[in-house]
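Here's the structure, in structure tokens; my notes come after.
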Amino acid sequence: MADKTYENIKIEREGNVTFLVLNRPEKRNAMSPGLHYDVQDALRWLDDDAQTRVLVLTGAGDSWCAGQDLKLYFRETSNNPMERKRSNAASHNWRWELLTRFSKPTIAMVNGFCFGGAFTQLCACDFAITAEDATFGLSEVNWGILPGGIVSWNLTDMMLPRHAMYYAATGEPFDGKRAVEIGLANFAVPRDQLRAKTLEFAAKLEKLNPSVLRYTKEAVRAVRHMSADDARDYLGAKQDSLARADKEIADKVGMKKFLDEKSYRPGLGPYQRPEEK
Ligand code: ACO
């Protein structure tokens with residue numbers, strides 16, 4: 001079946017890696033209500049799309065996402081409370097709920113400007129790879145608003161509190177290398193290598209058992225705000241649930257290879273599933 005098409009985003013494929021591209025380059029991929037509805041629909045579809053093994057979120061042109069569209073999202077909905085409520089709900093739903101619960105690994109591939117509200121989807125992606133010269137900024141302070149939605153929560157969750165306070169209060173922009181230093185991104189690479197490095201990393205993820213990867217990312221997110229006792233209980237139950245969901249894990253294939261066959265050393269690289277070798 002042909003891929004869906006949208007007005008404000010586009011879908012690109014490289015094998016089992018699906019690129020969801022915010023596609024309003026003339027507005028630096030600022031998020032209009034229409035863009036929110038499009039991404040919300042696409043994420044629901046792609047979560048069940050068998051071809052998608054890794055999802056990459058990126059932007060067309062030289063911007064990743066310039067935040068909420070100040071004109072279409074804020075100004076033009078100011079006298080339309082129903083549309084404001086509807087677009088606000090879609091905005092939160094895809095940028096946080098759908099992305100954090102996406103059943104396949106997600107990578108933010110930050111190809112340029114990343115401002116304001118865009119920090120929520122940046123933090124919602126499991127991994128972030130940025131161009132060294134990308135520009136990040138919590139510019140809300142300049143618009144008479146604070147890092148709202150859940151942006152302030154995202155900042156304190158992802159960065160050390162001193163960094164969160166500094167960048168939120170000053171609005172000072174920073175580059176991709178700094179984003180790595182303060183915990184917002186995994187790697188910063190030269191812009192001309194961004195896509196290749198992202199695909200290289202996606203290929204590593206594709207080789208891992210998809211159920212283990214899914215349960216691991218769910219677990220890492222879930223325990224973050226639990227007590228140690230709750231986490232121990234949760235992780236025990238989660239492991240049992242994983243064993244029921246995946247035969248390879250129930251059969252302890254990896255342990256057999258290490259303990260009995262002595263054919264695998266995890267310290268030398270992740271376990272590769274038999275059919276992928
Ligand atoms: N909302 C609405 N329109 C925007 C936004 C935005 N967040 N960002 C860019 N645009 C529009 C511009 O108005 C302009 O439109 P026009 O061609 O109709 O005049 C077009 O995109 C291109 O923008 P320029 O400023 O001309 O592009 P440039 O490459 O010089 O600068 C940059 C890009 C740095 C992203 C600049 O546009 C900018 O600072 N934008 C504001 C970013 C921001 O503060 N975002 C946070 C919004 S608040 C929030 O998310 C909660």
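The values are calculated or read from the model by the stated rules, or taken from the named source; none is laboratory data. Since we're looking at a predicted model, the values are computed, not measured. Every residue, glycine as well, gets a Cβ built from its backbone with ideal geometry; the counts of neighbours run over all protein chains shown. Side chains included, ligands, DNA and RNA excluded: accessible areas come from the protein's heavy atoms. Shrake-Rupley method; radii C 1.70, N 1.55, O 1.52, S 1.80 Å.
DSSP assigns beta bridges within the stretch 9-206; of those with both partners inside it, close to 30 percent run antiparallel.
Any chance you could give the angle, 0 to 90 degrees and rounded to 10, that helix 194-207 forms with the longest Cα principal axis of the chain? With both axes taken from Cα atoms, the answer is about 40 degrees. Out of every Cα-Cα pair in the stretch 203-264, what percent are more than 13 Å apart? Considering the stretch 203-264, 68 percent of its Cα-Cα pairs are separated by more than 13 Å.
Could you pull the accessible area for residue 216 with a 1.4 Å probe, rounded to 10 Å²? We get 70 Å² for residue 216. Taking a sphere under 14 Å around the Cβ of residue 6 and counting the other residues whose Cβ falls inside, with K and R at +1 and D and E at -1, yields a net charge of -1.
Would you mind telling me which residue in 130, 77, 120 has the biggest mean-square fluctuation in a Gaussian network model of the chain, where springs connect alpha carbons within a distance under 10 angstrom? Of 130, 77, 120, the most mobile in the Gaussian network model is 77.
Note on surface exposure: 143, 153 rank 143, 153 by accessible area, highest first, 1.4 Å probe. On the chain, 54 percent of the accessible area sits on carbon and sulfur atoms, based on a 1.4 Å probe. Shown in residue order for the stretch 93-98 are the 3J(HN,Hα) couplings computed by the Karplus curve 6.51 cos²θ - 1.76 cosθ + 1.60 at θ = phi - 60°: 4, 7, 6, 10, 5, 5 Hz (x for Gly and Pro). Summarising the amide proton neighbourhood of residue 133: residues at separation of 5 or more, or on other chains, whose placed amide H is nearer than 5 Å comprise 176, 191. Taken over the Cα atoms of the chain, the convex hull encloses 156 Å³ per residue.
For the set 151, 223, 141, solvent exposure ranked by accessible area (probe 1.4 Å, protein chains only) runs largest to smallest as 141, 223, 151.
Give me the tail of P(r) for the stretch 99-218 as a percent: Cα-Cα pairs with distance above 24 Å. Percent of Cα pairs beyond 24 Å in the stretch 99-218: 28. For the set 201, 102, the ranking by accessible area, highest first and with no ligand, DNA or RNA atoms included, is 201, 102 under a 1.4 Å probe.
For the chain, adding -39500 (n - 2.57) for each run of n ≥ 4 DSSP H residues and dividing by the number of residues yields -12500 deg cm²/dmol at 222 nm. In order along the stretch 254-266, the Karplus-derived 3J(HN,Hα) couplings, from 6.51 cos²θ - 1.76 cosθ + 1.60 at θ = phi - 60°, round to x, 5, 4, 5, 7, 7, 9, 7, 6, 9, 8, 10, x Hz, and Gly and Pro are given as x. Between residue 2 and residue 89, full extension at 0.36 nm per residue minus the direct alpha carbon distance yields a gain of 28.5 nm. Residue by residue, the stretch 13-24 carries 3J(HN,Hα) couplings of 10, 10, x, 8, 9, 10, 9, 9, 10, 5, 10, 10 Hz when phi is fed to the Karplus relation 6.51 cos²θ - 1.76 cosθ + 1.60 (θ = phi - 60°); x denotes Gly or Pro. Calculate the spin-label point distance for residue 223 paired with residue 70, positioning each point 7 Å from the Cα along the beta-carbon direction, and give it in nanometres. If labels sit at residue 70 and residue 223, their model points lie 4.3 nm apart.
The distance separating the Cα centre of the stretch 119-159 from that of the stretch 208-277 comes to 31 Å.
Accessible area per residue for the stretch 1-124 is 42 Å², calculated with a 1.4 Å probe on protein heavy atoms, without ligands, DNA or RNA. Length available on full extension from residue 235 to residue 146: 0.36 nm per residue minus the Cα-Cα distance, which gives 28.4 nm.
In the structure shown, the pairs 104/204; 10/207; 217/252; 207/247 are assessed against 22 Å; a Cα-Cα span above that value is assigned to 10/207. Under 5 Å between amide hydrogens, built in the peptide plane, is the criterion, and for residue 30 it picks out 66 among residues at least 5 positions away or on other chains. Evaluated at q = 0.11, 0.16, 0.22, 0.28 Å⁻¹, the base-10 log of the normalised Debye intensity for the stretch 58-119, with identical point scatterers placed on the Cα atoms, takes the values -0.31, -0.63, -1.00, -1.16.
Could you work out the local net charge near residue 94, counting Lys and Arg as +1, Asp and Glu as -1, over the other residues with Cβ closer than 10 Å to its Cβ? After counting each charged neighbour, the total is -1. For the stretch 1-156, taking the reciprocal of the average inverse distance between every pair of different Cα atoms yields a Kirkwood hydrodynamic radius of 15.5 Å. Here the stretch 1-25 is scanned for amide nitrogen atoms under 18 Å from the site 7 Å beyond the Cα of residue 207 along Cα-to-Cβ, giving 15-17.
Treat every Asp and Glu Cβ in the stretch 185-246 as -1 and every Lys and Arg Cβ as +1, leave all other atoms uncharged, and give the resulting dipole magnitude about the Cα centre to the nearest 20 debye.
Here the size comes out at about 280 debye.
Kirkwood-type hydrodynamic radius, the stretch 124-168: 11.8 Å, calculated from all non-identical alpha-carbon pairs.
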